[in-house]
Amino acid sequence: TVILELENELEPLEVARQKLAVEASRKDFERTKKVFDQGGSIRAEELEQKEAVWMIAQVEQQQAETQLRRRQLTAPADGVVMDLFDLDRGEAVTANNPAARIVNTAQCRFTAYVKGESAHGFAKDKAVEIVFNGSGTDITVPGSVEFVAPAIDAASGLLEVRAVFDNKDGRVTPGIMGRMRLKPAK
């Protein structure tokens with residue numbers, strides 16, 4: 001989905017112009033080919049020239065369409081636009097600077113820090129339960145460990161553990177506090 005468009009008054013006009021050029025060169029080629037096929041006074045080189053003009057016009061149309069698309073910022077994934085970084089209509093943006101922030105809350109990540117020297121039992125792909133402090137009641141969701149840091153942070157003595165969980169129903173508001181525990185064996 002297009003979320004932002006840069007100024008593009010000229011690009012749609014160029015696309016329209018190129019479409020007309022493609023159509024005109026196609027018709028010219030087809031008329032010339034018809035005369036050539038009927039044995040008229042058209043040389044093969046002239047027919048090839050008309051076909052080349054038509055093909056070049058098609059490439060130029062594709063280039064114009066590409067230029068128009070380059071004036072649009074599309075979302076890299078599904079989600080909701082959360083921030084436009086205080087950009088106002090008509091304001092300039094620079095290359096490689098963020099222009100929008102999109103958040104997809106259908107799948108979330110939970111990061112926990114555990115005491116590095118403890119026998120925590122977390123390992124990649126292990127099932128976990130993540131308990132969030134909801135308004136009045138706790139919300140428990142199943143997840144799985146996605147990452148366990150290979151080293152303990154020297155400054156804090158903590159080990160980073162990340163889990164991923166499904167949130168398609170939107171029960172969990174991303175960013176709230178919670179705790180993670182290994183899922184009990186059945």
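Values computed for the structure shown
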| read-out | value |
| --- | --- |
| Matching residues in the stretch 28-50 - criterion: being loosely packed, with under 12 Cβ neighbours inside 10 Å and among the basic types (Lys, Arg) | 34, 43 |
| Residue satisfying all of: in the stretch 141-152; without any contact (Cβ under 8 Å) to a residue 40 or more places away in the chain and not small (Gly, Ala, Ser); most open to solvent (accessible area, probe 1.4 Å) among these | 150 |
| Checklist (1) closer than 23 Å to residue 92 by Cα; (2) open to solvent by 100 Å² or more (accessible area, probe 1.4 Å); (3) of a type in the set (S, T, N, Q) applied to residue 8, failing item | (2) |
| Test result for residue 169, under 26 Å from the mean Cα position of the chain (by Cα) and farther than 14 Å from residue 109 by Cα | yes |
| Residue 135, sole failed condition from (1) open to solvent by less than 30 Å² (accessible area, probe 1.4 Å); (2) part of a loop (DSSP other than H, G, I, E, B) | (1) |
| Flag for residue 2 being among the β-branched types (Val, Ile, Thr) and surrounded by 14 or more Cβ atoms within 10 Å (Cβ to Cβ) | no |
| Residue match in the stretch 102-121 (condition: within 30 Å of residue 159 (Cα to Cα), free of Cβ contacts under 8 Å to residues at least 12 places away in the same chain and part of a loop (DSSP other than H, G, I, E, B)) | yes |
| Enumeration of residues in the stretch 64-117 that are under 27 Å from residue 142 (Cα atoms), touching a Lys or Arg at 6+ places or on another chain (Cβ under 6 Å) and open to solvent by less than 90 Å² (accessible area, probe 1.4 Å) | 106, 111 |
| Filtered residue count, the stretch 50-83, keeping only those that are β-branched (Val, Ile, Thr), without any contact (Cβ under 8 Å) to a residue 12 or more places away in the chain and not in a helix (DSSP H, G or I) | 0 |
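The values are calculated or read from the model by the stated rules, or taken from the named source; none is laboratory data. These numbers were taken from a predicted model, which means no experiment stands behind them. As a convention, Cβ positions derive from the backbone with ideal geometry for all residues, glycine included, and neighbour counts pool all protein chains shown. These area figures cover heavy atoms from the full protein model, side chains too; ligands, DNA and RNA do not enter into them. Shrake-Rupley method; radii C 1.70, N 1.55, O 1.52, S 1.80 Å.
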